[in-house]
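Here's the structure, in structure tokens; my notes come after.
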Amino acid sequence: MNEILAIIFLCFSLIILFKKIMLQLMEVILDSSNIKLSGILALIIGSFLLYIVDFSWSDRVWKNTLFIFGIVSIFRGFIAILFENLVYKFADIFAKNYFKFTIPLSLLFFSLTLLMVSRDYMGPVKNIDQCQSDESISLYCGFNNPEDMALLPDNKFFLMSEFGGIKPYEEKDGEGSFALLRISDGTKIIPQIKFGENVWGDPSCKRNPSDNFGPHGVDLIQRDDGLIQFGVVNHSPFESVEFFELTQDANSWLMTWRGCVIAPEENYFNDLSIKRDGSFYVTHMYERDITVNEWLSAALFKYSTGYVLKWDKKNFSKVVGSDGGQPNGIGLDEDSELLYVNYNLGDELRVINLLNGESIGRYKINSPDNMILLDQSIWLTSLDHETIDVMMNCDIEISVTCSLPFSIHEIDLVSLKKKNIYSFQETVFGFPTTAYPFKNKIYIGSFHSDRVAFFQAD
């Protein structure tokens, strides 16, 4: 709704400056046979706007806006019906002082345009620094930014990337770690990592076992040779994709490093999807030296900042048709040659046919992050607020998380039609990045949180 209103207000801000067109329209409206009809129409429009708002308007910018315009439209309708002479007098004053009225009105509509694309949520935001479950969401505490997760083959553990941070949110890429979540009791386990030979990566990529990791997006597959390959986008101490072989060790799992691939100098990665032969697709978000103002500009005006790359086990190449606003989560249907890409700043999921680069499907959703493709469904997270809402309501440098509203979307893998939407507001979790369904529960990770959440699906 915010985007629709933004387009309408932008059109009004431009059209109202065309004096000849507007005065001709006024002549039609002010015809004695039309003025009462215009009043009735204004009453209908105003009532319809109030019906849309449903009087539960206090927490959303667009609902506040429609409420005000609905009241104004009803008031204008009564004026046109009951005080026809007053309308003629004001129309005469308006025509003689056209630009004195229309320039401020144009600026008002343009300001409303900016408001619609920059703000969304205006409701209460409670402090949730204390990690404690509530009636809608249960928590496992003690994690550190569990940004992405993969369910391990024994169905007993999630392997998570504990996100260290990226630019421009932080001044430099941060150190992170890995964590296992034992599903039976929510216990956090630090996985053991050992280093083997670089057999899955680029031979030129070297990693010192003493180096830290800065994990981000992850993927897990069973390779053509039967081995379990875990891949992760890594930001520290250098930009790369890291590979691990996963093997079960007693009641836990062992991560054996099997190689890495250095990112090209111009690329800044987010998430990856691995093919069974060990090649992969990876999203390039934006330039590494992007500033906060440049990021905010891209968030506001929805222009392209990145694209998807393919690594064929030798070289990187750009995927045709993948440009968009901060490519983020990515999923691959290898058998169908379809690539699913979330565009975080573009507010959409896009399906790309890898055979010809054509976009064959889109799903509009606010700030999608990672995705899970499972059982003919796609699971997505949505931040039901805008960037400035965060800046005005949450001190993310101090608070461990923020209770701004969010939702989890389940959509059909083929038709991209909604199956289920689970929405949350004023709860004990926020900033979701991934939603993973397992045994009638939905597990949620976050890029800025000390907890993993889950809730019971209907």
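Each value in this text was obtained by applying a stated rule to the coordinates, not by laboratory testing. Keep in mind it's a predicted model, so treat the numbers as computed, not measured. Note that each Cβ is placed from the backbone with ideal geometry, even for glycine, and that neighbours are counted across all protein chains shown.
What size of dipole, in debye to the nearest 20, comes out for the range 333-412 about its Cα centre when the only charges are +1 on Lys and Arg C-beta atoms and -1 on Asp and Glu C-beta atoms?
180
Just check the chain against the gyration tensor rule for me: Cα atoms, a ≥ b ≥ c as the square roots of the eigenvalues, rounded for a/c under 1.5, and otherwise prolate or oblate depending on whether a/b exceeds b/c.
It comes out prolate by the Cα gyration axes.
Sort by residue number and name the cysteines in the chain that have no neighbouring cysteine Cβ under 4.7 Å.
So, Cys11.
Share of antiparallel DSSP beta bridges in the chain, in percent to the nearest 5?
Given both bridge residues lie in the chain, the antiparallel proportion sits at roughly 95 percent.
Sort the range 145-225 into rounded, prolate or oblate with this rule: let a ≥ b ≥ c be the square roots of the eigenvalues of the Cα gyration tensor; rounded if a/c is under 1.5, and if a/c is not under 1.5, prolate when a/b is larger than b/c, oblate otherwise. Please report the intermediate quantities before stating the final value.
Values: a/c = 1.82, a/b = 1.10, b/c = 1.66.
Taking the square roots of the gyration eigenvalues as a ≥ b ≥ c, the range 145-225 is oblate.
Magnitude of the Cβ-charge dipole of the range 311-458, K/R +1 and D/E -1, about the Cα centre, nearest 20 debye?
Here the size comes out at about 280 debye.
If I model a spin label as a point 7 Å beyond the Cα along the Cα-Cβ vector, how far apart are those points for Asp129 and Asp92 in nm?
Output for this residue pair reads 6.5 nm.
Between helix 35-53 and the chain, what is the angle of the helix's C-alpha long axis to the longest principal axis, kept within 0 to 90° and rounded to the nearest 10?
30
Report the calculated FRET efficiency for Gln376 and Lys313 (r = Cβ-Cβ distance, R0 = 45 Å), to the nearest 0.05. If you can, show how the numbers build up before the last one.
Values: r = 30 Å, r/R0 = 0.66.
With R0 = 45 Å, the Cβ-Cβ based efficiency is 0.90.
Going by Cα centres, the range 391-420 and the range 85-153 are how many Å apart?
Result: 15 Å between the Cα centres.
For a footprinting-style exposure proxy, rank Met1, Met149, Met116 by other Cβ within 10 Å, fewest first. Write down the numbers at each step before the final one.
Values: Met1 14, Met149 26, Met116 23.
By the 10 Å Cβ count, ascending: Met1, Met116, Met149.
Arranged by the count of other C-beta atoms within 10 angstrom, fewest first, what order do Lys100, Lys302 take? It would help to have the intermediate numbers written out before the result.
Details: Lys100 10, Lys302 17.
The fewest-first ordering by Cβ neighbours comes to Lys100, Lys302.
Most exposed first by the Cβ proxy, i.e. fewest other Cβ within 10 Å, how do Asp335, Asp173 rank?
The fewest-first ordering by Cβ neighbours comes to Asp335, Asp173.
Is any residue of the range 244-273 close enough, with backbone N under 13 Å, to a label point placed 7 angstrom from the Cα of Arg223 along the Cα-Cβ axis, and if so, which?
So the set is 244-247, 256-260.
Report the gain in length on full extension from Asn440 to Asn251: 0.36 nm times residue separation, minus Cα-Cα distance, nm rounded to one decimal.
Between Asn440 and Asn251, full extension yields 65.7 nm more.
Provide the gained length on full extension for the span Asn64 to Asn212, in nm with one decimal, where the gain is 0.36 nm per separating residue minus the Cα-Cα distance.
Result: 48.5 nm gained on full extension.
Using only the Cα atoms of the range 2-118, build the gyration tensor, take square roots of its eigenvalues as a ≥ b ≥ c, and label the shape rounded, prolate or oblate: rounded if a/c is under 1.5, else prolate if a/b is larger than b/c, else oblate.
oblate
Per residue, what volume in Å³ does the Cα convex hull of the range 266-313 take up?
69
Sort 365-374, 349-358 for me by packing, meaning the mean count of neighbouring Cβ atoms within 10 Å per residue, highest on top.
365-374, 349-358
How far, in degrees from 0 to 90, does helix 61-82 lean away from the longest principal axis of the Cα atoms of the chain, to the nearest 10?
In the chain, helix 61-82 runs at an angle near 10 degrees to the longest axis.
Please determine, in degrees from 0 to 90 and to the nearest 10, the orientation of helix 292-301 with respect to the longest principal axis defined by the Cα atoms of the chain, where the helix direction is its Cα long axis.
Orientation of helix 292-301: about 60 degrees from the principal axis.
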